[in-house]
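Read the structure below first, then the notes.
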Amino acid sequence: MSKTILILNGSPREKGNTAILSKQLTAGAIEAGAEVESVYLHGLDIRPCDACEFCQKDGNGCVINDDMQPVYPKMRASDVIVIASPVYWFSLTAQTKLCIDRWYAMETSGGFELAGKTLALLMVYGDTDLYTSGGITVIYTIESICRYVGMEVAGIVHGTAMNIGDVENNPVFLEQAYQLGKKLASPA
Ligand SMILES: Cc1cc2nc3c(=O)[nH]c(=O)nc-3n(C[C@H](O)[C@H](O)[C@H](O)COP(=O)(O)O)c2cc1C
């Protein structure tokens, strides 16, 4: 059975470094037989979780009627979810975080709907390393989320690129994204 991979792209730049790396990951995954879909979060109207707690009654789902609604079934149908986000202010972008906050509605009495799936992180930052950029904080956040919801972290690829397209000058980073795609497409 081929794997289904969903990329949640949280960069506001539609053709930025995250998009370029996501294309690389997609190429690797398709080469290895997976089906890949990418969601450009910045193009969607995803509102913040308003903590109404309606979703916490079993089976209710999220009451907010916005563009997150079609994302939920895509997530449920995926084997692998890729968080593709630049580092903004030593954290995930707001677009990425808005989406993740809304995962709150995926918790049911039977457990988290995402439990048993795998997750990968594709992350780019302008600074020179993982620590000064704040990328380390993102990794900690993602690992904490996965521990909580019961997802396995299947891979983390990160590196430096500042301006749009800079990542094209970093063949190692591009290759790492491609190889991550191949890995994610492989049977467990
Ligand atoms: C509002 C804003 C905040 C940023 N904050 C950080 C930061 O905290 N650390 C860092 O290393 N780079 C930071 N950057 C740089 C981006 O991570 C970098 O430009 C990246 O390549 C953007 O990826 P994209 O082209 O996919 O949008 C920031 C950029 C912007 C616009």
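Summary of computed values
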| quantity | calculated |
| --- | --- |
| The chain: most fluctuating residue of Leu92, Leu122, Leu130 per GNM, C-alpha cutoff 10 Å | Leu130 |
| Cys146, Cys52 arranged by Cβ crowding within 10 Å, fewest neighbours leading | Cys52, Cys146 |
| Theoretical gain in end-to-end length, Asp58 to Ile145 [0.36 nm per residue, Cα-Cα removed] | 29.2 nm |
| Whether the range 125-188 is rounded, prolate or oblate, judged on the alpha carbon gyration tensor where a/c under 1.5 counts as rounded | oblate |
| Cα gyration tensor, the range 1-90 - rounded (a/c under 1.5), prolate or oblate | oblate |
| Counting DSSP beta bridges with both ends in the chain, the antiparallel % (nearest 5) | 10 percent |
| Proxy reagent accessibility, fewest Cβ within 10 Å first, across Met75, Met123 | Met75, Met123 |
| Shape of the range 18-165, Cα gyration tensor, a/c cut at 1.5 | prolate |
| Leading residue at positive end of dipole, the chain (Cβ point charges), from Leu119, Leu130, Pro48 | Leu119 |
| Of the DSSP H helices in the chain, those whose Cα atoms cover at least 18 Å axially and whose Kyte score averages 1.0 or more | 135-149 |
| Sorted by Cβ density within 10 Å, fewest first, the residues Ser2, Ser85 | Ser2, Ser85 |
| Pairwise FRET efficiency - Phe112 versus Glu168, Cβ, R0 = 45 Å, nearest 0.05 | 0.75 |
| Under DSSP loop assignment and at most 16 Cβ neighbours within 10 Å, longest chymotrypsin sites (Phe, Trp or Tyr not before Pro)-free interval of the chain | 91-188 |
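FYI, it's all coordinate maths here, none of it is from the lab. Because the structure is a prediction, the values reported are computed rather than measured. Every residue, glycine as well, gets a Cβ built from its backbone with ideal geometry; the counts of neighbours run over all protein chains shown.
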